[in-house]
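Please treat every number below as a calculation from the coordinates, not as lab data. Because the structure is predicted, anything quoted here is derived from the model rather than measured. No Cβ is skipped: glycine too gets one built from the backbone with ideal geometry, and neighbour counts run over all protein chains shown.
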Amino acid sequence: MLAGISPAVHTRKKTRFSLADEARALLLAADSVRYMDELLPVIFGGKVIGSVYGKDGNAWISPHDFSGFPGGYYDVKASFNAGRSFQAVYNINGSAGANANRWSDLWPCQLAQGAANAYSGTASTARQFTDVSSGAIPHGGNVTPAVKVLAGYHLLSTGSSTPGCAFMLYDRVLSYDENPITATLTTMTNTLTAQRWVGSGLPALRICMTAGKTVTGATVSDLSSLIYANDAIVGSRTMPTTRTIIIAGTSTPSATQPADLIAFDTSNGEYGPFLPLQATDIGVSSITSYQCTANNTGTITFVLMRPLCIMVAQPTGIASLIDGVTERFLMRRIYDGACLGFLVRPPNQAGDAGTYSGRLSMVWQ
Amino acid sequence: MNLHLRSKTKYGLHDDQRALEQAMRASKGIITPLPVVFGGKVIGSVGWNRFSKEIWAGPFNGYDDLINKATSSTPQVFDAWAYKTTGAFTVTANRWYDTWTVADDPDGGTFPGAAATAYVHSTSDPGFIGLGPAPSGGQTKHLTGADLIETSTGAFTYILYDRVLVYNACPITSGLKNMTNTVPATRYAGVGVQIMITEQAVLSGAPSLTALSYTNDASSTVSLKGTPYALTSNQSADSTHAAEIMNQTAPDLMPFLPIAGNEKGVQNILSYTVGSTLTGSICFVLARPIAMLVCPITGQSVQMNWVKGNPNLFQLASDACLALVVRTNTTAGSQVGFNLQVAWG
């Protein structure tokens, strides 16, 4: 459609010519295809800048979205060749062990993290994370207006039950640290808001509930209520509690001890990494409040994150090497300031205690 | 030649090949990738003295286009994380179970609507697996892959299905029972849609399904083949118990009732007949199977690429109500975390 040639679409120039030149080229092409009942690409300045279609004397124009990698695989290769890439090295020491069949957060164990930094936020207050947060995996800095994506990974584990061990790469956006386990309603302070993944057309975040600085006591206490704002930033959304969500951490996180994810009644099988959401919600933008069934000692952490990909470990000492462009279709967005971390879930034969290292391959254009 | 299973133009496969080779020769020395237009369509691209053939699937004009959409300013990809179990009970080995009602992540689904009356599940009902932001006008969503992380013991087979239409709370009353079909299915027009019978409220015995009449994809009224079917029942389906799929005369059958060899599927159910009167109720589900997922080894994680492999970029209806049935080779229930990856354009 002619109206589709909006300056808003043209935030980046696709050719060596100007935006007006591109628009003129598309219009000229549209004039040329009237009565041609075929979709045809428009090549200008050596690139496809859109497509045109003609029928019965009319013509339609569809400018391409040229953010990211408009040329697809060729552009990915060209970006690597041109040095627009980064190999993000990570080193994680989870040697104190993660529980079998359960998800744990490796955040406190990431190199340069320091256990003291992992959960140092003000109690029940939104805390933002970026790539300069202590412990975040470096990924090559800001590249805007280019778009950076995950193009592959390499994973090497020394864990005791490593084969099949699943790792989830995530972008840690917000956390609420040091939340008390109390039967009194706790209202969060949300002065700071999510800086990534929340907005129109974006999926928002999921909630992990993990151990806090202090291990939970023996008193049985469940998470009886959690109110949040959803992906559309609509508040008063309610977490379902059909299935009991038990708060039961087994250890205190440290520089070598991953933080347990504590959710769900394990008598009904183990559990997934995220708290369930109200029907029709696809994500969360902030937590409003929560309440437990009983007072208990210890603290819990709510982490709002966006999962990026799953990585599966090979036997101990054997690297897992995946091309995320052709072998698996990853290409997940790494925003400026993304705070990268990992969850881990050892298989059910045993827990996993080891060190995890490797690299994440980033490419941008 | 394997890439040429379908011709993209009105010319022959060899013509496509020749066009690509000719374009490659013509582009020597040009480092910018260029599309090759032949027969009015882009059949591939050339650059660096190589050529790349395009795949055509739904809205994606090739793998390059899929990459473009995944990396656009608002990424047109989503990872749908879910965790589903069969619940807290011992299952029968080698039988299929529907995890629809079990409260996990997402929360459990229910059996809404009047008894023996067609009910179209929408994406506002609880229980379905959500697939991310709604695409803008005219765009369609497609499966690109999956991760499966199985927790319990045994080997598991899963079928991801679209819960198209259901008849809930169907009584077990000897004789013919007519269904009420006020609302039609909103997707597939019966093509690929098959019938499952699941338990709802536990039955006081094991009745026999002696007849079932349905409307097939060609809008013909058809009688179910292979009757009678023994319907087994163990317990009610609820937030901690998956529903046993009842129409299995032997443990190793698939969860769907058979259709005739020349049919593509089922649009609705008109009536059913059982041989005895019992307490309890059953649910007829018109399901569109979408993908099979397999965890062959206890505790292992499995990753699937559905861009290149079956079910290649399957298009999901905008109102698809996705759910999961599972079959295990042991009496241990299933607890599986999975990530369905979708892209749209």
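Quick notes
- Inter-chain neighbour count for A:231-243: the average number of beta-carbon atoms from partner chains within 10 Å of each residue's beta-carbon is 3.
- When only the Cβ of Lys, Arg, Asp and Glu is charged (+1, +1, -1, -1), the dipole of chain A relative to its Cα centre reaches about 600 debye.
- Taken one residue at a time, the phi angles of segment A:123-140 give Karplus couplings (6.51, -1.76, 1.60, θ = phi - 60°) of 3, 6, 10, 4, 10, 7, 10, 9, 6, 9, 5, 4, x, 5, 6, x, 9, x Hz. Gly and Pro are set to x.
- Annotation: amide H-H contacts under 5 Å for B:Ser236 (H modelled 1.01 Å from N, sequence separation of 5 or more, or interchain): B:Val202.
- Here the spin labels are modelled as points 7 Å beyond Cα on the Cα-Cβ line, and at A:Tyr35 and B:Ser136 they lie 3.3 nm apart.
- Counts of other chain beta carbons within 10 angstrom of each beta carbon in peptide B:84-90 average 3.
- Cα gyration tensor shape of the protein assembly as shown, rounded if a/c is under 1.5, else prolate or oblate by comparing a/b with b/c: oblate
- Between B:Thr92 and A:Tyr53, the FRET efficiency from the beta-carbon distance, with R0 = 41 Å, is close to 0.15.
- Each of A:Gly351, A:Leu169, A:Gly272 was scored by the projection of its Cα onto the charge dipole of chain A, and the greatest displacement toward the positive side belongs to A:Leu169; charges sit on the C-beta of Lys, Arg, Asp and Glu.
- Gained length - A:Thr326 relative to A:Asp21, 0.36 nm times residue gap less alpha-carbon distance: 106.4 nm
- Gyration tensor verdict on segment B:67-136 (Cα atoms; rounded if a/c is under 1.5, prolate if a/b is larger than b/c, oblate otherwise): oblate
- Over chain A, relative contact order from alpha-carbon pairs under 8 Å, at least 6 apart, %: 30 percent
- Mean ellipticity per residue at 222 nm, deg cm²/dmol - from DSSP H runs of n ≥ 4 across chain A, formula -39500 (n - 2.57): -2000 deg cm²/dmol
- In order through segment A:86-98: 3J(HN,Hα) via Karplus (6.51 cos²θ - 1.76 cosθ + 1.60), integer Hz, x for Gly, Pro: 8, 9, 7, 8, 10, 9, 10, 10, x, 5, 7, x, 10
- 30 Å Cα-Cα threshold exceeded, pairs from B:Lys177/B:Lys264; B:Lys84/B:Lys308; A:Lys148/A:Lys213; B:Lys84/B:Lys225; B:Lys84/B:Lys177: A:Lys148/A:Lys213; B:Lys84/B:Lys225; B:Lys84/B:Lys177
- Cα shape, segment A:109-189, gyration tensor, a/c 1.5 rule: oblate
- The convex hull drawn around the Cα atoms of segment B:186-270, when projected onto a plane and averaged over every direction, covers 6.4 nm².
- Between the amide H of A:Ile61 and those of A:Leu2, distances stay under 5 Å, these residues lying 5 or more places away or on another chain, with hydrogens modeled in the peptide plane.
- Rg to Rh, two decimals, where segment B:197-345 supplies the alpha carbon set and Rh follows Kirkwood: 0.98
- Local electrostatic count at A:Trp197 - Lys and Arg +1, Asp and Glu -1, tallied over other residues with Cβ under 13 Å: +2
- Counting Cβ atoms of other protein chains within 10 Å of each Cβ in B:144-151 and taking the mean gives 6.
- A simple spin-label model places pseudo-atoms 7 Å from Cα toward Cβ; at B:Lys225 and A:Ser200 they are separated by 5.3 nm.
- Residue-by-residue Karplus 3J(HN,Hα) for segment B:19-25, coefficients 6.51, -1.76, 1.60, Hz, glycine and proline x: 5, 5, 5, 5, 5, 5, 5
- Residues in segment B:273-317 that a label on B:Ser204 would reach, taking backbone N under 12 Å of a point 7 Å out along Cα→Cβ: B:277-281
- 222 nm mean residue ellipticity, helices alone, for chain B (DSSP H n ≥ 4; -39,500 (n - 2.57); rounded to 500): -2000 deg cm²/dmol
- Top positive-direction residue, dipole computed over chain A with Cβ charges, set A:Pro180, A:Thr250, A:Ser104: A:Ser104
- Two-site FRET efficiency, A:Trp60 against B:Thr186, from Cβ-Cβ distance with R₀ of 22 Å, rounded to 0.05: 0.15
- Considering only alpha-carbon pairs that sit under 8 angstrom and 6 or more positions apart, the relative contact order computed for chain B is 30 percent.
- With R₀ set to 51 Å, the beta-carbon distance separating B:Thr110 from B:Ala26 gives a calculated FRET efficiency near 0.25.
- Here the label points at A:Ile318 and B:Asn262, each 7 Å from Cα along the C-beta direction, are separated by 5.3 nm in the simple model.
- Unit charges on C-beta of K, R, D, E only; dipole of chain B, Debye: 1160 debye
- Rounded Å value of the spacing that divides the Cα centres of segment A:196-227 and segment A:282-344: 13 Å
- Near A:Val147, the amide H atoms lying under 5 Å from its own belong to A:Gly68, A:Gln365; only residues 5 or more places off or on other chains count, and H is placed 1.01 Å from N.
- The fraction of all Cα pairs in segment A:190-340 landing in successive 5 Å bins from 0 to the largest distance is 2, 8, 15, 18, 18, 17, 12, 7, 3, 1, 0, given as whole percents.
- Simple rule: put +1 on each Lys or Arg Cβ and -1 on each Asp or Glu Cβ in chain B, find the dipole, and look at B:Gly62, B:Cys283, B:Ala211; the Cα lying farthest toward the positive end is B:Gly62.
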